[in-house]
Every structure is written in C-alpha cells, then in structure tokens.
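Written out below as structure tokens is the structure these notes cover.
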Amino acid sequence: MCHICGRLIDTTLPVNDRMGWTLDHRVPIAVAPHLAEEPGNLAPAHRGCNSRKGANPNFRHEAPRQSRIW
Ligand SMILES: [Zn+2]
C-alpha cells in the first residue's frame, strides 16, 4: 500500500510507471540526510505520489492524478 495516497500498489507494473512501486523516505533526505538509510523512515509509495511529494515532508494523502503528463 502506498503510504502517501493509501491505495494499493500494483507490483507487476514497470518500475518507471507512474503507478509503479518505489521506496520513499517519509522524512525526505533533503530535510534529514541522517535518516536516508533508517528502515523506519522508508515506506512504499507510487512513483507518481513520490514525485509529487518531492522534498515536502507535509505532503500526504492526495489521490493520484488520473491522466499522464507527457
Ligand atoms: Zn500513491
């Protein structure tokens, strides 16, 4: 399950798919570099959710967009 939007992640999708699986840092590395490899700071997320979250630690629970941006 994606920790950002709360939806299931289809692990059969290619890793570069917007809805594919990524490992996200709950507290972004840009904010807390010392937590980069802390297991408790890692959580699964959709690639699209992870990208939109970026380095904003307060980004949470926004539904994924339904269309692609090319
Ligand atoms: Zn998501």
Looking at (1) more than 16 Å from the ligand (Cβ to nearest atom); (2) modelled with pLDDT under 90, which is the only condition Lys53 fails?
-> (1)
Candidates Ile4, Ile9 - the one that is near the ligand (Cβ under 10 Å from one of its atoms), closer than 14 Å to Ala55 by Cα, open to solvent by less than 50 Å² (accessible area, probe 1.4 Å) and in contact (Cβ under 8 Å) with a residue 24 or more places away in the chain = Ile4
Of these, Arg65, Arg47, which one is modelled with pLDDT under 85 and either within 16 Å of the ligand (Cβ to nearest atom) or more than 22 Å from Thr11 (Cβ to Cβ) (or both)?
-> Arg65
So, of the residues in the stretch 12-44 that are away from the ligand (no atom under 12 Å from the Cβ) and of a type in the set (S, T, N, Q), which turns out to be nearest to Asn58 (Cα to Cα)?
-> Asn41
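The values are calculated or read from the model by the stated rules, or taken from the named source; none is laboratory data. Please read these numbers as outputs of a predicted model, since none were measured by experiment. Reconstructed Cβ throughout: ideal geometry from the backbone, glycine too, with neighbour counts over all protein chains shown. Ligands, DNA and RNA are excluded from the accessible area calculation, which covers all protein heavy atoms including side chains. Shrake-Rupley method; radii C 1.70, N 1.55, O 1.52, S 1.80 Å.
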